[in-house]
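> What follows is a structure written as structure tokens; I'll ask about it next.
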Amino acid sequence: MIILHCLTKKKWGAVKDKPMFGEELLARDGFIHCSPINYFWRVAPNFRDIKDDLVLLCIDLDKLKAEVKWEDGTNCGREYPHIYGLINRDAVTDVLTYLKDENGDFIKNQEFMEVENA
């Protein structure tokens, strides 16, 4: 299964050659926020006002070495994957451009068109 993690292109550039990354996020939140593809449209508004270029990391759960807990931290009725450890670089199977329209709203990537929003 693939989950998504969004970050700035600049931050990705700083960590993409490291074997493990995510220290800053773990220190801040205690875990790394992610989303299944079918829920990403629900979290995308959180990135609307970020002016920096963004990327979506496609993380393969079968390759990820850190523990993942599916949690409903806001009692919204949906569980999201939280990574409790560093992300090993070889678990990142693809890096996609975060697409936005002229209003800053997320545009679903072509690679995800077959995944229905939930």
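> Let me see the P(r) profile for the range 1-52: every Cα-Cα distance counted, bins of 5 Å, each bin given as a percent of all pairs.
Per 5 Å bin, starting at zero, the Cα-Cα P(r) for the range 1-52 comes out as 4, 16, 22, 28, 23, 6, 0 percent.
> Oh, and also: Rounded to the nearest angstrom and ordered from largest down, what semi-axes does the equivalent ellipsoid of the range 47-92 get from its C-alpha gyration tensor (root of 5λ)? Intermediate results must be reported in sequence, preceding the final value.
Details: eigenvalues 84, 75, 13 Å².
So the equivalent ellipsoid measures 20, 19, 8 Å along its semi-axes.
> Just check the chain against the gyration tensor rule for me: Cα atoms, a ≥ b ≥ c as the square roots of the eigenvalues, rounded for a/c under 1.5, and otherwise prolate or oblate depending on whether a/b exceeds b/c. Each step should come with its number before you reach the end.
Working: a/c = 1.42, a/b = 1.17, b/c = 1.22.
Cα axes put the chain in the rounded bin.
> Of all accessible surface on the range 16-105 at a 1.4 Å probe, what whole percent is carbon and sulfur? Show your work: numbers first, answer last.
Numbers: 2390 of 5260 Å².
Ligands and nucleic acids excluded, carbon and sulfur give 45 percent.
> Which trypsin sites (Lys or Arg not before Pro) in the range 22-118 sit in a loop by DSSP (not H, G, I, E or B) and have at most 10 other Cβ atoms within 10 Å of their own Cβ?
Values: sites: Arg28, Arg42, Arg48, Lys51, Lys63, Lys65, Lys69, Arg78, Arg89, Lys100, Lys108; in loops: Arg48, Lys51, Lys63, Lys65, Arg78, Lys108.
In loop regions of the range 22-118 (DSSP not H, G, I, E or B), the sparsely surrounded trypsin sites (Lys or Arg not before Pro) are Lys51.
> Continuing with this model, one more query. Determine the per residue accessible area of the chain with all protein chains present and a 1.4 angstrom probe, expressed in square angstrom.
Numbers: 7130 Å² over 118 residues.
On a per-residue basis, 60 Å².
> Please work out how much accessible surface Val15 shows to a 1.4 Å probe, ignoring ligands, DNA and RNA, in Å² rounded to 10.
Val15 exposes around 30 Å² with every protein chain in place.
> What dipole magnitude, in Debye to the nearest 20, does the range 1-90 give about its Cα centre under +1 on Lys/Arg Cβ and -1 on Asp/Glu Cβ? Show your work: numbers first, answer last.
Values: 14 positive and 14 negative charges, 55 e Å.
For the range 1-90, the charge dipole is close to 260 debye.
> Same structure, new question: Among the GluC sites (Glu not before Pro) in the range 17-112, which ones are in a DSSP loop with at most 14 other Cβ atoms within 10 Å of the Cβ? Mind listing them? Write down the numbers at each step before the final one.
Working: sites: Glu23, Glu24, Glu67, Glu71, Glu79, Glu102, Glu111; in loops: Glu79, Glu102.
Counting only loop positions with at most 14 other Cβ atoms within 10 Å, the GluC sites (Glu not before Pro) in the range 17-112 are Glu79, Glu102.
The values are calculated or read from the model by the stated rules, or taken from the named source; none is laboratory data. Keep in mind the model is a prediction, meaning the values are calculated, not measured. Using ideal geometry, Cβ is built from the backbone for each residue, glycine included, and neighbour counts are taken over all protein chains shown. Just the protein is used for accessible areas: all its heavy atoms, side chains included, with ligands, DNA and RNA removed. Shrake-Rupley method; radii C 1.70, N 1.55, O 1.52, S 1.80 Å.
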